[in-house]
Amino acid sequence: NAGVTQTPKFRVLKTGQSMTLLCAQDMNHEYMYWYRQDPGMGLRLIHYSVGEGTTAKGEVPDGYNVSRLKKQNFLLGLESAAPSQTSVYFCASSYTNQPQHFGDGTRLSIL
Amino acid sequence: DAKTTQPPSMDCAEGRAANLPCNHSTISGNEYVYWYRQIHSQGPQYIIHGLKNNETNEMASLIITEDRKSSTLILPHATLRDTAVYYCIVRVAAGAQKLVFGQGTRLTINP
């Protein structure tokens, strides 16, 4: 039972490069979320999705784009990476009205 | 969403009960109290949630005061593996669970 799987686990980028973080869940959850966590702080919501083909902005959406083409996948894109986006990124999923299940995170460094 | 207040850190001896307090004096009638924890740098893990009645599961107990303005998470027999940051979050149960993480309580279990 894989749960929520994030790919990659680690990545180093140069400023201005682009990349996509992949989140996959095998629990048939309707809702999926992307958070970022900076050192010593709690998680902050970037974007979320309430179903296939739908996305919405969270607390800190600037500089990120997302897509939910398939129910089980939620992609987070950085078009032009900036050092301020160095962070640990967590994906989560849930059923309606149910607690969230989190992945193990992607550690992203931007030089 | 109601704001929560937690002590920044706590210590507990292994084998003892760990009692983690949370104040949420502005909680609304339809908001639940959720507890998550984050062990080291892993993704957050759901522990328990409740509306107004005390709740217990295999991990912990949740005691909510009658006026619902505060609650206590109880780990009955703390082990070293319970060392983590514990987050108290107040949210309505319906719709997308846009969790707002504060800085939580860093619980250290001492041998």
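Among the residues in region A:38-45, are any open to solvent by 50 Å² or more (accessible area, probe 1.4 Å) and within 13 Å of the chain's Cα centre (by Cα)? Talk me through it step by step, then tell me what you get.
From region A:38-45, those open to solvent by 50 Å² or more (accessible area, probe 1.4 Å) are A:39-41, A:44; that's our starting set.
Checking which are within 13 Å of the chain's Cα centre (by Cα) leaves us with A:44.
For region A:38-45, residues open to solvent by 50 Å² or more (accessible area, probe 1.4 Å) and within 13 Å of the chain's Cα centre (by Cα): present.
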Practice problem: Examine region B:37-59 for a residue that is among the β-branched types (Val, Ile, Thr), over 13 Å from the mean Cα position of the chain (by Cα) and under 30 Å from A:Phe10 (Cβ atoms), and state whether such a residue exists. | Solution: yes
Quiz item: Is one or more of the residues making up region B:47-59 in contact with a Lys or Arg (Cβ under 7 Å, 6 or more places away or on another chain), within 13 Å of another protein chain (Cβ to nearest Cβ), assigned to a strand (DSSP E or B) and in contact (Cβ under 8 Å) with a residue 24 or more places away in the chain?
Solution: yes
Quiz item: Restricting the first residue to region A:43-59 and requiring it to be more than 7 Å from chain B (Cβ to nearest Cβ), which pairs with a second residue that is in a loop (DSSP other than H, G, I, E, B) and among the aliphatic types (A, V, I, L, M) meet a Cβ separation below 7 Å and a spacing of at least six or different chains?
Solution: A:Arg44/A:Val60; A:Ile46/A:Val60
Practice problem: Only one of these is hydroxyl-bearing (Ser, Thr, Tyr) and out of contact with any Leu (no Cβ under 9 Å at 6 or more places or on another chain): A:Tyr48, A:Tyr33. Name it. | Solution: A:Tyr48
Quiz item: Just to be sure, is B:Asn110 at pLDDT 95 or above, within 14 Å of chain A (Cβ to nearest Cβ) and surrounded by fewer than 15 Cβ atoms within 10 Å (Cβ to Cβ)?
Solution: no
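Regarding region A:57-67, can at least one residue be identified that is open to solvent by 70 Å² or more (accessible area, probe 1.4 Å) and within 11 Å of the chain's Cα centre (by Cα)? Quick ask: steps written out before the conclusion?
Of region A:57-67, the ones open to solvent by 70 Å² or more (accessible area, probe 1.4 Å) are A:57, A:59, A:62.
Subsequent filtering for residues that are within 11 Å of the chain's Cα centre (by Cα) retains none.
Checking region A:57-67: not a single residue is open to solvent by 70 Å² or more (accessible area, probe 1.4 Å) and within 11 Å of the chain's Cα centre (by Cα).
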Quiz item: Taking the condition crowded, with 18+ Cβ neighbours inside 10 Å and either of a type in the set (Phe, Trp, Tyr) or assigned to a strand (DSSP E or B) (or both), does B:Arg91 pass?
Solution: yes
Practice problem: Exactly one condition in (1) acidic (Asp, Glu); (2) open to solvent by less than 40 Å² (accessible area, probe 1.4 Å); (3) within 14 Å of chain A (Cβ to nearest Cβ) is not met by B:Asp82; state its number. | Solution: (3)
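Which members of region B:1-26 meet the condition of being open to solvent by 30 Å² or more (accessible area, probe 1.4 Å) and not in a strand (DSSP E or B)? Step through it out loud before you land on a result.
Within region B:1-26, the subset open to solvent by 30 Å² or more (accessible area, probe 1.4 Å) is B:1, B:3-11, B:13-17, B:19, B:21, B:23, B:25-26.
Selection gives B:Asp1, B:Lys3, B:Thr4, B:Gln6, B:Pro7, B:Pro8, B:Glu14, B:Gly15, B:Arg16, B:Ala17, B:Ser25, B:Thr26.
Counting just the residues of region A:90-105 that are assigned to a loop (DSSP other than H, G, I, E, B) and open to solvent by less than 10 Å² (accessible area, probe 1.4 Å), which one comes out modelled with the lowest pLDDT? Break it down into steps so the answer makes sense when it comes.
Initial filter on region A:90-105 (assigned to a loop (DSSP other than H, G, I, E, B)): A:95-100, A:103-105.
Now narrow it down to the ones that are open to solvent by less than 10 Å² (accessible area, probe 1.4 Å): A:100, A:103, A:105.
Details: A:Gln100: 92, A:Gly103: 96, A:Gly105: 96.
It comes out as A:Gln100.
Could you go through region A:76-86 and let me know if any residue there is within 14 Å of chain B (Cβ to nearest Cβ) and either aromatic (Phe, Trp, Tyr) or in a strand (DSSP E or B) (or both).
Of the residues in region A:76-86, the ones within 14 Å of chain B (Cβ to nearest Cβ) are none.
No, that holds for no residue.
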Quiz item: Out of all the residues in region A:70-89, is one or more surrounded by 18 or more Cβ atoms within 10 Å (Cβ to Cβ), in contact (Cβ under 8 Å) with a residue 60 or more places away in the chain and within 25 Å of B:Tyr86 (Cα to Cα)?
Solution: yes
Quiz item: Could we say that B:Gln45 is polar (S, T, N, Q) and buried (at least 19 other Cβ atoms within 10 Å of the Cβ) here?
Solution: no
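The values are calculated or read from the model by the stated rules, or taken from the named source; none is laboratory data. The structure displayed is predicted, hence computed values, not measured ones. Cβ coordinates were reconstructed from backbone atoms using ideal geometry, including for glycine residues, and neighbour counts include every protein chain displayed. For accessibility, only protein heavy atoms count, side chains too; no ligands or nucleic acids. Shrake-Rupley method; radii C 1.70, N 1.55, O 1.52, S 1.80 Å.
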